[in-house]
Each structure stands twice: as structure tokens, then as C-alpha cells.
Amino acid sequence: MKPIQAFCCSALINPYYPMVESPKTQHSLSLRLLRLLALLIAGGTIAQAFGCLIAYLSMEDSQAGGMLAHLIIQHLSYYFLGCAFVIMSLSNLLIKRGISTLKTTRLPSLILILCVALASFLLIPRMDYLRETALQDGMPVMLSPFANYFAILNGLTLLLICAQIFFSALVAWRLCGSKSS
């Protein structure tokens with residue numbers, strides 16, 4: 001910080017004049033992009049949860065509602081994974097360039113990526129397989145021998161969706177709360 005010569009004397013009289021220049025970060029556009037992506041992910045995960053809930057509750061057939069909700073989750077997962085990857089990569093780059101306040105976003109971003117990947121690429125395809133197997137036998141999945149296993153997978157998917165909401169909101173809160181720009 002260097003003093004501004006023109007305002008030093010007037011700052012003693014009027015405290016609203018700054019006496020020193022505040023240094024501006026040279027990465028303000030990158031930080032704004034990080035905040036935008038984090039807020040989009042946080043809003044998207046909340047909208048995804050509401051969309052899945054509405055699809056499940058508004059349909060009379062709960063199996064078809066669950067299938068539609070899982071399709072919504074799977075299609076939005078590519079968007080969430082891409083944004084979370086950009087957030088994590090750009091954060092790591094800016095940390096190497098000296099903005100150490102972004103270190104608090106790395107772990108929640110990584111956990112968010114894992115939650116999205118586990119739900120969309122591991123659990124939901126397994127539930128689709130169980131659903132198709134039960135339908136080939138001529139019964140809904142909740143009346144099939146795989147009903148308990150399906151209920152466990154469905155509960156784990158719900159917990160992972162809640163974890164996505166929490167960690168995306170945490171990343172957005174930490175990025176918006178930083179005073180680096």
C-alpha cells in the first residue's frame with residue numbers, strides 16, 4: 001500500500017477520504033467466474049431436488065416418477081461435474097498464483113464431484129438394472145425379490161443428493177465470503 005499524496009491532509013479532516021490505495025487483485029475476473037459457477041451449481045442442485053420431488057409426487061405411478069427423477073439427476077450430473085471440475089481446476093491455479101483463501105474450496109469441490117459421480121454413474125444405473133429385471137419378471141420393483149436392495153440404493157441416492165446440495169452451497173458460501181476481490 002502506498003500513500004496517496006493528494007488525500008493525506010484531507011483525510012485527517014474528513015475520514016471518508018482514503019489515505020492509502022487499496023491493492024486490487026489481478027485475478028478479479030477469475031474470482032467472479034468461480035463465484036458464478038459456484039452459485040449456478042448451488043442453485044442447480046436445489047432446483048434438481050425440487051424437480052425430482054415434483055416429478056415423484058405428481059405422478060400416480062411412483063416407479064415412473066422415480067425413473068423420471070433419476071433421469072433428471074443423470075442429465076444434470078454432466079453439468080455439475082463440468083462446473084465443479086472448472087471450479088477445482090481454477091482454484092488450484094489461483095492458489096499457485098498466491099490466492100491462498102481458495103484452499104477452503106478444494107475439499108468441498110472434490111466431495112461434490114464424488115457425490116455426483118457416485119449417484120449418477122454407480123447407483124442410478126444399478127437401480128435401473130434392478131427395475132428392468134423386475135419388469136421382465138412382470139412385477140414392479142417394490143414387489144420383486146430385490147425390493148430391499150433397491151430401497152437401500154434409493155436411500156443412498158437421496159443422501160448423496162442432499163450431500164450435493166450441502167457441498168455445493170458450502171463451495172458457493174466460501175467463494176462469496178472471501179474478501180479477495
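The values are calculated or read from the model by the stated rules, or taken from the named source; none is laboratory data. Remember, predicted model here, so these are calculated numbers, not experimental data. Ideal geometry is used to build each Cβ from the backbone, glycine not excepted, and the neighbour counts take in all protein chains shown. Protein only, heavy atoms only, side chains kept; ligands, DNA and RNA dropped before computing areas. Shrake-Rupley method; radii C 1.70, N 1.55, O 1.52, S 1.80 Å.
Okay, here's what the table says:
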{"item": "Residue in the stretch 107-120 that is of a type in the set (Gly, Ala, Ser), farther than 19 Å from residue 72 by Cβ and open to solvent by less than 80 Å² (accessible area, probe 1.4 Å) present", "result": "yes"}
{"item": "Residue match in the stretch 34-50 (condition: open to solvent by 80 Å² or more (accessible area, probe 1.4 Å), assigned to a helix (DSSP H, G or I) and basic (Lys, Arg))", "result": "no"}
{"item": "Options 19, 1, 67: the member that is within 29 Å of residue 157 (Cβ to Cβ) and either at pLDDT below 95 or open to solvent by less than 50 Å² (accessible area, probe 1.4 Å) (or both)", "result": "67"}
{"item": "Enumeration of residues in the stretch 75-94 that are open to solvent by less than 70 Å² (accessible area, probe 1.4 Å), over 25 Å from residue 125 (Cα atoms) and in contact with a Ser or Thr (Cβ under 9 Å, 6 or more places away or on another chain)", "result": "87, 88, 90, 91, 94"}
{"item": "Among the residues listed as 144, 168, the single one being hydroxyl-bearing (Ser, Thr, Tyr), more than 26 Å from residue 76 (Cα to Cα) and open to solvent by less than 20 Å² (accessible area, probe 1.4 Å)", "result": "144"}
{"item": "Wholly enclosed helices (runs of 4 or more DSSP H) of the stretch 58-172 bearing at least 3 residues out of contact with any helix residue (DSSP H, G or I) (no Cβ under 6 Å at 6 or more places or on another chain) and either among the hydroxyl-bearing types (Ser, Thr, Tyr) or touching a residue at least 40 places away in the same chain (Cβ under 8 Å) (or both)", "result": "62-96, 124-136"}
{"item": "Positions within the stretch 147-165 being open to solvent by less than 20 Å² (accessible area, probe 1.4 Å) and of a type in the set (Ser, Thr, Tyr), in sequence order", "result": "157"}
